[in-house]
């Protein structure tokens with residue numbers, strides 16, 4: 001299940017370098033992971049919700065396809081005036 005506890009945020013500051021910087025400096029990455037905070041967000045959903053959203057988009061492709069544009073060939077009188 002995709003939920004609270006799966007998504008973490010790590011914000012580097014003066015005392016905590018970015019994860020890539022810590023890796024290059026040979027610092028312990030376990031500390032970076034330990035300092036990361038678990039976040040909850042309304043966009044983090046269960047697999048069931050994700051599967052339903054994908055199915056809905058595929059089943060209703062005509063509603064999700066956007067604005068249909070009709071392209072016409074230019075009239076010959078426009079080409080004659082140029």
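The values are calculated or read from the model by the stated rules, or taken from the named source; none is laboratory data. Everything quoted here is computed from the prediction, not taken from an experiment. Cβ coordinates were reconstructed from backbone atoms using ideal geometry, including for glycine residues, and neighbour counts include every protein chain displayed.
Side notes on the structure shown:
- Pairs are defined by a Cβ separation below 6 Å, a sequence spacing of at least 6 or placement on different chains, a first member in region 18-33 that is in contact (Cβ under 8 Å) with a residue 40 or more places away in the chain, and a second member that is part of a loop (DSSP other than H, G, I, E, B) and loosely packed, with under 10 Cβ neighbours inside 10 Å; no pair meets this definition.
- Meets criteria (modelled with pLDDT of 75 or more, under 20 Å from the mean Cα position of the chain (by Cα) and either surrounded by fewer than 10 Cβ atoms within 10 Å (Cβ to Cβ) or part of a helix (DSSP H, G or I) (or both)) for residue 11: yes
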